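What follows is one structure encoded as structure tokens, with my remarks underneath.
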Amino acid sequence: MNNILKMVLFALLFCYSCSSGDDDEPTPETTPEIVIPTEQKAPVMDTKGGTGTVTFSSNLPWTASVVNARADTWCTVSPTSGGAGTATLTITATENISPDERNATIILKAGAASKTFTVIQKQKDALAVTSSKIEVTADGDEISIEVKANISFDYEIEEVAKPWITSATTRGLSTTTLKFRIAENKGLQKREGCIIIRSGEFMEKVTVYQESGVGTGNPGATGDDMPWQ
């Protein structure tokens with residue numbers, strides 16, 4: 001009988017020790033995870049600035065910040081931290097007055113996990129020419145107009161100048177240097193004509209001034225070219 005009691009007691013002690021050992025096992029750690037839905041697009045900001053949002057989820061507390069140092073002068077995020085769950089970041093950009101597109105990289109961190117996305121802001125459209133006046137001798141010449149633009153543009157020669165100003169440019173609208181041929185001026189009067197470069201609401205006008213054939217030794221300058229008195 002005593003042996004039976006001893007065996008029962010031993011079994012109870014064994015079960016107790018096993019259950020106590022199970023309680024001492026560490027709880028598995030949560031694997032950090034940040035999820036940005038595939039349909040969520042990074043904001044593309046207008047030149048004038050504004051706000052955009054990005055929604056994501058995290059299973060741990062998280063932080064958000066702008067990575068590139070120069071971008072934090074024009075781009076901010078709010079909030080900059082939060083708890084586990086779904087959250088929405090608001091990204092704010094100031095006006096971009098430069099002719100260059102700019103971008104800011106935002107990083108989300110939760111434990112060892114991280115995700116980044118890039119915010120793009122469009123540039124301020126610009127169209128300019130290096131000189132608005134060009135002088136040409138009576139003999140004629142080929143002139144160049146340098147166009148500084150970050151947008152597509154077109155050009156035209158005013159109607160009255162088309163007989164003596166012609167395009168010598170063979171490239172397309174993205175051309176930055178436009179070339180024009182100025183014909184010889186055989187007349188006795190100076191002449192001028194305009195070349196207009198435009199893109200939407202932007203316009204630049206270049207005026208070409210050409211000397212007369214008087215005093216140039218130009219055999220084509222005859223009395224027939226004299227204006228009526």
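The values are calculated or read from the model by the stated rules, or taken from the named source; none is laboratory data. From a predicted model like this one, the values you see are computed outputs, not experimental measurements. Here the Cβ positions follow ideal geometry from the backbone for every residue, glycine too, while neighbour counts run over all protein chains shown.
Residue check, I143 against (1) farther than 30 Å from T47 by Cβ; (2) surrounded by fewer than 17 Cβ atoms within 10 Å (Cβ to Cβ); (3) modelled with pLDDT of 90 or more; (4) not aromatic (F, W, Y), all met but one. Which one?
Single failed check for I143: (2).
So, in region 61-81, of the ones that are crowded, with 17+ Cβ neighbours inside 10 Å and more than 18 Å from the chain's Cα centre (by Cα), which residue ends up nearest to E33 (Cα to Cα)?
Filtering region 61-81 for residues that are crowded, with 17+ Cβ neighbours inside 10 Å and more than 18 Å from the chain's Cα centre (by Cα), the one nearest to E33 (Cα to Cα) comes out as W62.
Any residue in region 204-216 that is basic (K, R) and modelled with pLDDT of 90 or more?
Within region 204-216 (the criterion being basic (K, R) and modelled with pLDDT of 90 or more), the answer is yes, since at least one residue qualifies.
Of the conditions (1) buried (at least 16 other Cβ atoms within 10 Å of the Cβ); (2) part of a loop (DSSP other than H, G, I, E, B); (3) under 25 Å from the mean Cα position of the chain (by Cα), A138 satisfies every one except a single condition; which number is it?
Every listed condition holds for A138 apart from (3).
Do we find a residue being under 26 Å from the mean Cα position of the chain (by Cα), crowded, with 16+ Cβ neighbours inside 10 Å, in a strand (DSSP E or B) and among the aliphatic types (A, V, I, L, M) anywhere in region 117-127?
Yes - at least one qualifying residue is present in region 117-127.
Taking T47 as the residue in question, decide whether it is part of a loop (DSSP other than H, G, I, E, B), within 27 Å of E101 (Cβ to Cβ) and free of Cβ contacts under 8 Å to residues at least 24 places away in the same chain.
Criteria not met by T47.
What number of residues within region 82-100 satisfy the criterion of being surrounded by 14 or more Cβ atoms within 10 Å (Cβ to Cβ) and in a strand (DSSP E or B)?
6
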